[in-house]
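Mind having a look at this structure? Questions to follow.
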Amino acid sequence: MTDAATTHDPEEALLTSRDLNGERPVLEPGEQVPYGHVLYAAALLGRSPAQVVARLTAMGYADVQDAGSPLPEAVALDDAALTRRESHDKWLHRWIDVAAPVSLRQVLETAEHTGRAPADIGRRLTALGYRLGGSGPLPETPDPRDVMLTRTDGRGDGEWLDWGDEVSADHVLEAADYVSCSPHAAAVRLASLGLKLPYTPEADDELLLTAGDTAGARWFGRYMEPPLGHVLDVARKTGRRPADLVDRLKALGLEGLGGSVPENPEDEDFVILSANLDGCRPWLDRNTVVGLRMEHILRASLVTERSPAEITARLTELGHWLHRNAKLPETADEADIRLLDTLDRSYLDNVHLEKVLRSASLTGRSPADVAARLTELGFTLPDEVEYPDVRGARAAS
């Protein structure tokens, strides 16, 4: 058997080297020569694929893979490069197998590696004699996120979606999060790749799924419950019914809202549902563990000139709730708001001595006054101590 790597003919050395560089390792005469090897060699040498096959046959390589269709007359190097596999297992499988339909994953990996559009890759591979595993149009624009959008588990050893596969709403949300794009953009791209979504992407989805402008929290994701204020705001901007938007969120794979959704929200609803009480984002999240913070209710009372009880009743109608331990004052007081702002405890927590002393220091009130007022507001102070009725020297100054 002739070791082709030692031949004095440069063309023969190139043709028989596995990496088409004239170096070892070399193809064994008894093994099949891949179709991609033939096309790439033809492009490198400026020969036709038929001439390459004839030369290999003359050298003893009788088993050259057949595409089942006529060989192309000529092959450009850029097109021949498309037949190389660029995935993680490329060392085991150097070439796309012409005997099997080309997977969507392979088209997208080749598109990503070359910076060309998936549609262009599909057309060129077909012209070279390959069969695509699916039909239908592919995107005419490149997008380096395509490969990861079609992976079933972006953070693990997930498989890849293939031509015509069904895509769950959860996959859209998770894939969008992994590649840092909006779920709507991910849905549109997946649909353009010929995958079947459980819904048809709509233009309003982009606004409905936009959570904010900060990195890491720009879009709502799986298991998230969008604030009611956000839903009502989108309804106000788009003219759609709030209830319809809630249904749409469920179709998109997000959690449903926990409270009732008003058909015709009041103007003040936007105010009390906004975290800064200005009727704008950020919106008040529904806390299902500790409920509303008392200071929000008191601030809303001052802004709207409605009583704390009225604010609480309306927020309760809108899905929020006040913890059963809370004792709502009849009127809102700025002093109470300043006091509550110094407290990092909820109604589920005990307020120990050090917290009372800290609040006293920050507000300039005596520990006894702070302890008494927190007790009146429903907080639990378990420490059996006698709180001093004098303000600290620093606070008094």
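The values are calculated or read from the model by the stated rules, or taken from the named source; none is laboratory data. Quick caveat: nothing in here was measured; it's all calculated off a predicted structure. When we count neighbours, we look across all protein chains shown, and the Cβ atoms used for this are built from the backbone with ideal geometry, even at glycine. Keep in mind that these areas ignore ligands, DNA and RNA; they rest on the heavy atoms of the full protein, side chains included. Shrake-Rupley method; radii C 1.70, N 1.55, O 1.52, S 1.80 Å.
Cα axis of helix 367-376 to longest principal axis of the chain: angle in degrees, 0 to 90, nearest 10?
That helix lies at roughly 80 degrees to the long axis.
Short version: ³J(HN,Hα) in whole Hz for each residue of the stretch 239-255, in order, from phi by Karplus 6.51 cos²θ - 1.76 cosθ + 1.60 (θ = phi - 60°), x for Gly and Pro, what are they?
For the stretch 239-255, the Karplus-derived couplings read x, 8, 5, x, 4, 5, 5, 5, 4, 5, 4, 5, 5, 7, x, 9, 5 Hz, x marking Gly and Pro.
Further, regarding this structure: Calculate the spin-label point distance for Ala243 paired with Arg24, positioning each point 7 Å from the Cα along the beta-carbon direction, and give it in nanometres.
7.8 nm
For the chain, what's the relative contact order in percent, using C-alpha pairs closer than 8 Å and at least 6 residues apart?
7 percent
What full-extension length gain, to one decimal in nm, is calculated for Thr200 and Asp9 as 0.36 nm per residue of separation minus the Cα-Cα distance?
Gain in length upon complete extension: 62.8 nm.
Explain nothing, just the number: relative contact order of the stretch 215-366, from Cα pairs under 8 Å at least 6 residues apart, as a whole percent.
Relative contact order here is 18 percent.
May I ask you to derive the relative contact order of the stretch 279-387, considering only C-alpha pairs under 8 Å and at least 6 residues apart, and to give it as an integer percent?
RCO, the stretch 279-387: 24 percent.
How much FRET efficiency would the formula 1/(1 + (r/R0)^6) give for Arg155 and Asp63, where r is the Cβ-Cβ distance and R0 is 45 Å, rounded to 0.05?
0.60
Where in the chain lies the longest segment free of chymotrypsin sites (Phe, Trp or Tyr not before Pro) that are both loop residues by DSSP (not H, G, I, E, B) and have at most 15 other Cβ atoms within 10 Å?
The reported range is 224-397.
Additional query: Among Ser69, Leu149, Val33, whose Cα sits farthest toward the positive end of the charge dipole of the stretch 1-155 (+1 at Cβ of Lys/Arg, -1 at Cβ of Asp/Glu, about the Cα centre)?
The one lying farthest along the dipole's positive direction is Leu149.
As I understand it, the dipole of the chain uses +1 on the Cβ of Lys and Arg and -1 on the Cβ of Asp and Glu, about the Cα centre. Which of Leu245, Ile297, Asn350 lies farthest toward its positive end?
Ile297
Separate question: Provide the FRET efficiency to the nearest 0.05 for the Thr342-Tyr223 pair, computing r from the beta carbons and using R0 = 41 Å.
That gives a FRET efficiency of 0.80.
Sticking with this structure for a sec: For the chain, what is the calculated [θ] at 222 nm in deg cm²/dmol (nearest 500), taking -39500 (n - 2.57) for each run of four or more DSSP H residues and dividing by its residue count?
Rounded to the nearest 500, it is -11500 deg cm²/dmol.
Also, quick follow-up: Let me know the charge dipole size of the chain about its Cα centre in debye, to the nearest 20, where only the beta-carbon of Lys, Arg (+1) and Asp, Glu (-1) is charged.
240 debye
Right, something else. Once amide H atoms are placed 1.01 Å from N in the peptide plane, what residues at a sequence separation of 5 or more from Val390, or on another chain, have their amide H within under 5 Å of its amide H?
Ala368
So, for the stretch 153-251, what is the accessible surface per residue at a probe of 1.4 Å, expressed in square angstrom?
48 Å²
Show the residues, 5+ positions off or on another chain, whose built amide H is closer than 5 Å to the amide H of Trp283.
Hits under the 5 Å cutoff: Ala275.
What longest region of the chain stays clear of trypsin sites (Lys or Arg not before Pro) that DSSP places outside H, G, I, E and B and that have at most 10 other Cβ atoms within 10 Å?
The segment 156-323 is the longest one with no such site.
Next up: For the stretch 334-342, what does the Karplus curve 6.51 cos²θ - 1.76 cosθ + 1.60, with θ = phi - 60°, yield as ³J(HN,Hα) per residue in whole Hz, taken in order and with x for Gly and Pro?
Result, ordered by residue: 4, 5, 5, 5, 4, 5, 5, 5, 8 Hz.
Each residue of the stretch 63-75 in order: what ³J(HN,Hα) in whole Hz does its phi give by Karplus 6.51 cos²θ - 1.76 cosθ + 1.60, θ = phi - 60°, with x for Gly and Pro?
9, 9, 4, 9, 7, x, 8, x, 5, x, 5, 8, 9
Under a 5 Å amide H to amide H cut-off, with H placed in plane at 1.01 Å, what residues pair with Trp160 once short-range neighbours are removed?
Placed amide hydrogens put Thr152 under 5 Å from Trp160.
Another question, then. Would you kindly state how much longer the chain becomes between Asp177 and Ala309 on full extension, computed as 0.36 nm times their sequence separation minus their alpha carbon distance, in nm to one decimal?
43.5 nm
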